[in-house]
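Heads up: the structure comes next, in structure tokens.
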Amino acid sequence: MSIADKLQQTHARIEAACRAAGRAPGSVQLLAVSKTFPAAAVREAFNAGQTSFGENYVQEALQKITDLAEHRAQLQWHLIGPLQSNKTRPVAEAFDWVHSVDRLKIAERLAEQRPPRLAPLQLCLQVNTSGEASKSGVAPEELPALAHAVAALPQDRVRLRGLMAIAEPVAAEAGVAAQRAPHRRLFEMFEALRAQGLVLDTVSSGMSADLEAAVLEGATMVRVGSAIFGARVRSIT
Ligand SMILES: *Cc1c(COP(=O)(O)O)cnc(C)c1O
């Protein structure tokens, strides 16, 4: 199957999940996760109508952003992998979104380093919903303070849009019902922050294996890699 076919198939999965959830079909955005795949694969997806791409590694992403420079105005590049504070400058200068903000220092540096001629960098806070020590993300009990602090940064440089999480893998045989719990926890944190007055509109949750569960629990953006581009050869965090 071509990338165009797999994109179409992924859109069909999202639409079916929206119908099952009683949600509008356009209420979930598809982020195509192109990490480890070459610029040619991104170009193929772009030619099939996909404009938002997620990347994990800054250097790899910068090369693809350069390779696809002629389409820059139509493309949206999202950093979804961990971000170290010494790598914030190229990210502030080249990306449209960062999903993996998990401490104030990173958001402050992005705000300082975002060139004023560009639209504000769109941010999500990554939450560690599973409590696993190995995973990145802010602990749920520290999330409200971080969210309020990031929302108070200069709005013309960074804009807090919502939350992101990587759900702990649940065996496919366990079914969609078992997959839903971590996505529900993330959505509840999102609603709690909104109840505190923060203006947020993005829940970035769900991947190839569990996008239906995420959509049923309110995700507004799903991050899909292998279901679009195929299995990755290089192993990934
Ligand atoms: C790789 C990755 C994805 C996509 O995973 P697939 O299982 O290939 O769909 C989504 N989110 C993050 C943060 C990733 O690192």
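Where a number appears in this text, it was derived from the coordinates with a stated rule and is not lab data. On a predicted model such as this, the values are computed, not experimentally measured, just so you know. No Cβ is skipped: glycine too gets one built from the backbone with ideal geometry, and neighbour counts run over all protein chains shown.
By the helix-only formula, in which each DSSP H run with n ≥ 4 contributes -39500 (n - 2.57) and the sum is divided by residues, the chain has a 222 nm mean residue ellipticity of -12000 deg cm²/dmol.
Note that segment 15-24 has calculated 3J(HN,Hα) couplings of 5, 5, 5, 4, 4, 4, 8, x, 9, 5 Hz, one per residue in order, obtained from phi through the Karplus relation 6.51 cos²θ - 1.76 cosθ + 1.60 (θ = phi - 60°); glycine and proline are x.
All distinct Cα pairs of segment 79-237 go into the 1/r average, and the inverse of that average, the Kirkwood radius, is 16.1 Å. If you run the Gaussian network model on the chain, springs between alpha carbon atoms under 10 Å, then out of 145, 107, 119 the most flexible one is 145.
A cut-off of 5 Å between modelled amide H atoms, ignoring neighbours fewer than 5 places along the same chain, links residue 126 with 101, 102, 138, 164. Dipole size of the chain about its Cα centre, with +1 on Lys/Arg Cβ and -1 on Asp/Glu Cβ: approximately 340 debye, rounded to the nearest 20. Residues whose amide H lies under 5 Å from that of residue 225, counting only those 5 or more places away or on a different chain, are 33, 208; hydrogens are built 1.01 Å from N in the peptide plane. For the chain, the residue among 192, 20, 56 whose Cα projects farthest onto the positive side of the dipole built from Cβ charges is 56. Springs between Cα atoms under 10 Å define the GNM used for the chain, and in it the highest mean-square fluctuation of 130, 34, 52 occurs at 130. The calculated P(r) of segment 61-121, using every Cα pair and 5 Å bins from 0, goes 4, 19, 31, 26, 15, 6, 1 in percent. Rounded to the nearest Å, what's the spacing between the alpha carbon centres of segment 45-104 and segment 175-200? Just the number, please. If you average the Cα positions of each part, the centres end up 25 Å apart. What the phi angles of segment 35-40 give under the Karplus curve with 6.51, -1.76 and 1.60, with θ = phi - 60°, is a coupling list of 3, 6, 9, x, 4, 4 Hz, glycine and proline written as x. For the chain, averaging the sequence separation of C-alpha pairs within contact (under 8 Å, six or more residues apart) and dividing by the residue count gives a relative contact order of 20 percent. In units of the rule-of-thumb radius 2.2 N^0.38 Å, segment 1-80 shows an alpha carbon radius of gyration of 1.16.
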